[in-house]
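K.L.:
Would you mind keeping the following structure in view while I ask a few things?
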Amino acid sequence: MSKSYNIAVIGGDGTGPEVTREAVKVLQAAAAKFNFKLNFTDYDFGGARFLRTGEVLPANAVDELRKHDAILLGAIGHPDVKPGILEKGILLKLRFDLDQYINLRPVRLYPGVECPLKGKGPEHIDYVVVRENTGDSYTGTGGVTMKGTPHEVAVQSGVYTRFQVDRCLKYAFEYARKHGKKARGKGEHNTLALCGKTNVLTFLYDLWERAFHEMGERDYKDVKREYYHVDATCMWMVKNPEWFDVIVTGNMFGDIITDLGAITQGGMGIAAGGNINPEGVSMFEPIGGSAPKYTGKNIINPLAAVGAGAMMLQTLGEEKASVAIESAVMYVTANKMKSMAAGKMGHSTTEVGDLVASKVAE
Ligand code: IPM
Ligand code: MN
């Protein structure tokens, strides 16, 4: 009996549906080749539905999604909807309600992809950011008083509990042990770097730092530990990205440094991420936005969504199929594409999907 998985697909806004369509195409090719079954169900959540119905997410949406083995998301964000409504009402709501407490964001430069960093190639840019995904300034803790007056006060706090920090660190240590550079035959150590700001956020990152060393000392002596302030992290991500292996950090810093990471790996057309609940339902997405100006033109790069699909298969335990997709993507970037940028790939969106799918099927 081959295994079977139920996948919810939220194409979302803008180019989201176009890129998830290609991801589904490639995933189907992988399922056929590696002998498992994927059942996809589409959900129309996003800006267009909100503008039509006035409802961001229907009341039963989260329970409905919870019944699936995983979720594939395209993009959320619509030019006619005020910023914040869809992001908070869909993307962040799903991350929180499904307790997807890890945001896993590989920063990997594929062969043939142009890198804005001088003198750096695929051998230098090959690390992963484990971004905590439920706490920090994302919790809505705070408020505003005297709004609209010259004395307006706005507070939005970075909030972490020991529980949140510990479960994130545990995932990061395990990840470093299993997938770090030593485990992959690419270095002497598996290294986990904590990215914080212990010189200013003396409550928040002091908690992270103590928990980091306590856990490392107790359970992960085989994983090398490093610490970087977030500002220095940004500097080294540009100057010496080869120093990094696995980086763990809070939600806000993780948001920021992963956009920097994405541009060093060739931009939003290629960067994928996973919102992971190791005990529950995870959601995978290209980390770029909905790109309204490219919508419907069949010119957007679908590889980030395809990469998100590969990450999904890895989390589902279909390791071989996941590796096959990533290898096929590398083959296509190295041999078939002129650029990662929309409209400059030398192929249309659907053609890039076809190229990867046929390579997977080989
Ligand atoms: C991301 C995005 C989101 C975030 C926004 C859209 C809420 O920037 O996935 O990185 O801040 O997490
Ligand atoms: Mn972001």
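The values are calculated or read from the model by the stated rules, or taken from the named source; none is laboratory data. Computed from a predicted structure; not experimentally measured. With ideal geometry, Cβ positions are generated from the backbone for all residues, glycine too; neighbour counts draw on all protein chains shown. When the accessible area is computed, the model is the full protein with side chains, heavy atoms only, and any ligands, DNA or RNA have been set aside. Shrake-Rupley method; radii C 1.70, N 1.55, O 1.52, S 1.80 Å.
K.L.:
Rounded to the nearest 5, what % of DSSP beta bridges with both residues in the range 115-265 are antiparallel?
P.N.:
Approximately 25 percent, going by the DSSP bridge assignments.
K.L.:
Okay, next question. Ordering His213, His151, His68 by accessible area with a probe of 1.4 Å, largest first, what comes out?
P.N.:
Result of the area sort, largest leading: His151, His213, His68.
K.L.:
Exactly which trypsin sites (Lys or Arg not before Pro) in the range 43-148 are in a DSSP loop and have at most 10 other Cβ atoms within 10 Å?
P.N.:
When the trypsin sites (Lys or Arg not before Pro) of the range 43-148 are filtered for loop state and at most 10 Cβ neighbours within 10 Å, Lys67, Lys118, Lys147 remain.
K.L.:
I've got another one for you. Mind pulling the per residue volume of the convex hull built on the Cα atoms of the range 115-265? Å³ is fine.
P.N.:
Per residue, the Cα convex hull of the range 115-265 comes to 123 Å³.
K.L.:
Just the number, please: percent antiparallel of the DSSP beta bridges in the chain, rounded to the nearest 5.
P.N.:
40 percent
K.L.:
Shifting gears a bit: Once you compute Rg and the Kirkwood Rh from C-alpha atoms, what is the Rg to Rh ratio for the range 1-108?
P.N.:
Answer for the range 1-108: 0.99.
K.L.:
Related question: So what is the relative contact order of the chain, in percent, for Cα pairs below 8 Å that sit 6 or more residues apart?
P.N.:
RCO, the chain: 25 percent.
K.L.:
Moving to a separate point now. Out of the range 168-254, which GluC sites (Glu not before Pro) are coil in DSSP terms and have no more than 11 other C-beta atoms within 10 Å?
P.N.:
Within the range 168-254, the qualifying GluC sites (Glu not before Pro) (loop, at most 11 other Cβ atoms within 10 Å) are Glu188.
K.L.:
What relative contact order, as a whole-number percentage, does the range 115-265 give when Cα pairs under 8 Å and 6 or more residues apart are counted?
P.N.:
About 36 percent, as a whole number.
K.L.:
Something else: Pick out, in residue order, every one of the GluC sites (Glu not before Pro) in the range 109-163 that is DSSP loop and has at most 15 other C-beta atoms within 10 Å; say none if there are none.
P.N.:
Glu114, Glu123, Glu152
K.L.:
Given a 1.4 Å probe and heavy atoms of the protein chains only, how would you sort Asp97, Asp231, largest accessible area at the top?
P.N.:
Most to least solvent-accessible, the answer reads Asp231, Asp97.
K.L.:
Could you please state how large a percent of the accessible area of the chain is carbon and sulfur, counting protein chains only and using a 1.4 Å probe?
P.N.:
54 percent
K.L.:
In whole Å, how far is the Cα centre of the range 30-47 from that of the range 189-249?
P.N.:
36 Å
K.L.:
Considering the Cα positions of the chain, please state its Rg to one decimal place and its Dmax as a whole number of Å.
P.N.:
20.2, 68
K.L.:
Now for a different question. Rolling a 1.4 angstrom probe over the protein heavy atoms, how many square angstrom per residue are accessible across the chain?
P.N.:
44 Å²
K.L.:
Once fully extended, how much extra length lies between Trp243 and Val144, figured as 0.36 nm per residue of separation less the alpha-carbon to alpha-carbon distance?
P.N.:
Using 0.36 nm per residue and subtracting the Cα-Cα distance, I get 31.5 nm.
K.L.:
Tell me, what HN-Hα J-couplings in whole Hz come from the Karplus equation 6.51 cos²θ - 1.76 cosθ + 1.60 at θ = phi - 60° for each residue of the range 101-116, using x for Gly and Pro?
P.N.:
So the Karplus estimates, Gly and Pro as x, are 7, 10, 10, 9, 10, x, 10, 9, 8, 7, x, x, 8, 6, 10, x Hz.
K.L.:
Shifting gears a bit: With Cβ to Cβ distances under 15 Å as the rule, what net charge do the other residues near Gly46 carry (K, R +1; D, E -1)?
P.N.:
That works out to -2.
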